[in-house]
Amino acid sequence: MALTLLFNIKIFFMDKFPIEKYNILLAKAVKQFWKTRDSQSKVKKKSDQGNRSSVTGGKQLDGFINLLVQVSKDLGIPESCIFTKGNNLPGYFRPSKDWDFLIISPKNKLIAVIELKSQVGSFGNNFNNRTEEALGSAVDLWTAFRENGFPQNLPPWLGYLILVEETPKSQNSVKLHEPYFKVRPEFIKTSYIDRYILFCQKLIQERHYSATAIICSNKKMTFSCPVEDVSFESFISSYIGFIIGKLKEFPL
């Protein structure tokens, strides 16, 4: 009986929210990322600002925001409860942080929080920065939650998605620095992409995030999700499942 019920739930889930639909939106989001980055680089060259505009320019990840908005609306979340701008949430170690995507119920309960990042080039300089940012943001949010920073008893769904450039510099093994002690064995002979995969997996294992995803892509706009447990499909499936369980917070 239980297996039959689970099978029927899975069939209903796949019919109502076909992952193929969101994979198409994901492909569009990846293309928008590279096209936006390219157009910002052209503006940069005209204004002679070095590489800064392509690094700091906004809107590169807007396609992913649009995808999350579409998924949420398909689930029945009112547009008035979806926030994609000025998403400052209170912290514990700092006054606040601006997150990329929020769902807040009509009764002001924090339902979902998502952070989006990308890494193109400068892997040696920025890998540690990305890991420290993601860890710090999660610890800050969960500590604020523990200290009654939000008007609810149950925790929100916290997601982290990163797009990493697929290039020889991110795919080749990286030299380890061990002047005093040995690093953990799983980091031996790893590339930056390998390290991002391990990072995303550990963020879930240590319960810093509800789900994470790494998308590997190149300037030809092709992409892949190399490991199933931190793939886009696992990420979005986890999000959909959680939101379905919270729909009672959004009465019609």
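In the condition set (1) over 29 Å from residue 38 (Cα atoms); (2) without any contact (Cβ under 8 Å) to a residue 60 or more places away in the chain; (3) exposed (fewer than 15 other Cβ atoms within 10 Å of the Cβ); (4) not charged (D, E, K, R), residue 128 is compliant with all but (1). With respect to the conditions (1) closer than 19 Å to residue 74 by Cβ; (2) buried (at least 20 other Cβ atoms within 10 Å of the Cβ); (3) in contact (Cβ under 8 Å) with a residue 60 or more places away in the chain, residue 211 lacks only one, and its number is (3). Residue 193: part of a helix (DSSP H, G or I), of a type in the set (Val, Ile, Thr) and touching a residue at least 40 places away in the same chain (Cβ under 8 Å), yes or no? So residue 193 does not fit the description; no.
Looking at 154, 110, just one residue is at negative phi, surrounded by fewer than 15 Cβ atoms within 10 Å (Cβ to Cβ) and among the aliphatic types (A, V, I, L, M), and that residue is 154.
With respect to the conditions (1) in contact with a helix residue (DSSP H, G or I) (Cβ under 9 Å, 6 or more places away or on another chain); (2) surrounded by 14 or more Cβ atoms within 10 Å (Cβ to Cβ), residue 144 lacks only one, and its number is (1). Here the range 100-125 is the region considered, the condition is being under 18 Å from residue 150 (Cα atoms) and free of Cβ contacts under 8 Å to residues at least 24 places away in the same chain, and the residue that is nearest to the chain's Cα centre (by Cα) is 102. Taking the residues in the range 196-208 that are more than 11 Å from the chain's Cα centre (by Cα) and closer than 20 Å to residue 61 by Cβ as candidates, determine which candidate is surrounded by the most Cβ atoms within 10 Å (Cβ to Cβ). My answer is 196.
Among the residues in the range 233-247, are any of a type in the set (S, T, N, Q), in contact with a helix residue (DSSP H, G or I) (Cβ under 8 Å, 6 or more places away or on another chain), surrounded by 15 or more Cβ atoms within 10 Å (Cβ to Cβ) and in a helix (DSSP H, G or I)?
Within the range 233-247 (the criterion being of a type in the set (S, T, N, Q), in contact with a helix residue (DSSP H, G or I) (Cβ under 8 Å, 6 or more places away or on another chain), surrounded by 15 or more Cβ atoms within 10 Å (Cβ to Cβ) and in a helix (DSSP H, G or I)), the answer is yes, since at least one residue qualifies.
When you look at residue 21, is it part of a helix (DSSP H, G or I), of a type in the set (Lys, Arg), modelled with pLDDT under 65 and under 28 Å from residue 164 (Cβ atoms), yes or no? For residue 21, the condition - part of a helix (DSSP H, G or I), of a type in the set (Lys, Arg), modelled with pLDDT under 65 and under 28 Å from residue 164 (Cβ atoms) - is not met. When 135, 102, 89, 61 are checked against the criterion of being hydrophobic (A, V, I, L, M, F, W, C), at pLDDT below 95, surrounded by 15 or more Cβ atoms within 10 Å (Cβ to Cβ) and within 25 Å of residue 241 (Cα to Cα), a single residue qualifies: 61.
The values are calculated or read from the model by the stated rules, or taken from the named source; none is laboratory data. In this text the structure is predicted, and so the values were computed from the model without any measurement. Every residue, glycine among them, receives a Cβ derived from its backbone with ideal geometry; neighbour counts consider all protein chains shown.
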